[in-house]
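Report on one structure; see the data block that follows.
The values are calculated or read from the model by the stated rules, or taken from the named source; none is laboratory data. Since this is a predicted model, take the numbers as computed values, not measurements. Cβ coordinates were reconstructed from backbone atoms using ideal geometry, including for glycine residues, and neighbour counts include every protein chain displayed.
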């Protein structure tokens with residue numbers, strides 16, 4: 001049984017792009033810790049987050065985005081409400 005669509009947009013983006021259940025998306029989920037989050041998927045996640053939150057994430061932050069929690073921190077830095 002799959003979970004309903006989460007109200008948390010960050011969780012929703014990660015779940016959709018990575019093709020995983022929203023219950024798997026925690027702030028502790030780290031880049032390369034699951035097969036679905038590889039370097040190609042990482043760029044897709046970044047693009048989807050930029051689109052969902054209306055921000056542009058610079059390359060230093062793309063490289064620094066090592067977890068879902070770090071993604072939230074980076075989005076906040078760029079003025080997004082997460």
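For region 16-39, residues that are surrounded by fewer than 11 Cβ atoms within 10 Å (Cβ to Cβ) and touching a strand residue (DSSP E or B) at 6+ places or on another chain (Cβ under 7 Å) total 1. Just the residues that are buried (at least 17 other Cβ atoms within 10 Å of the Cβ) and either free of Cβ contacts under 8 Å to residues at least 24 places away in the same chain or over 19 Å from residue 15 (Cβ atoms) (or both), please, taken from region 63-77. Hit for region 63-77 is 74, nothing else. On the basis of being part of a loop (DSSP other than H, G, I, E, B), on the phi < 0 side of the Ramachandran plot, modelled with pLDDT of 95 or more and more than 13 Å from the chain's Cα centre (by Cα), does residue 34 make the cut? The answer is yes for residue 34.
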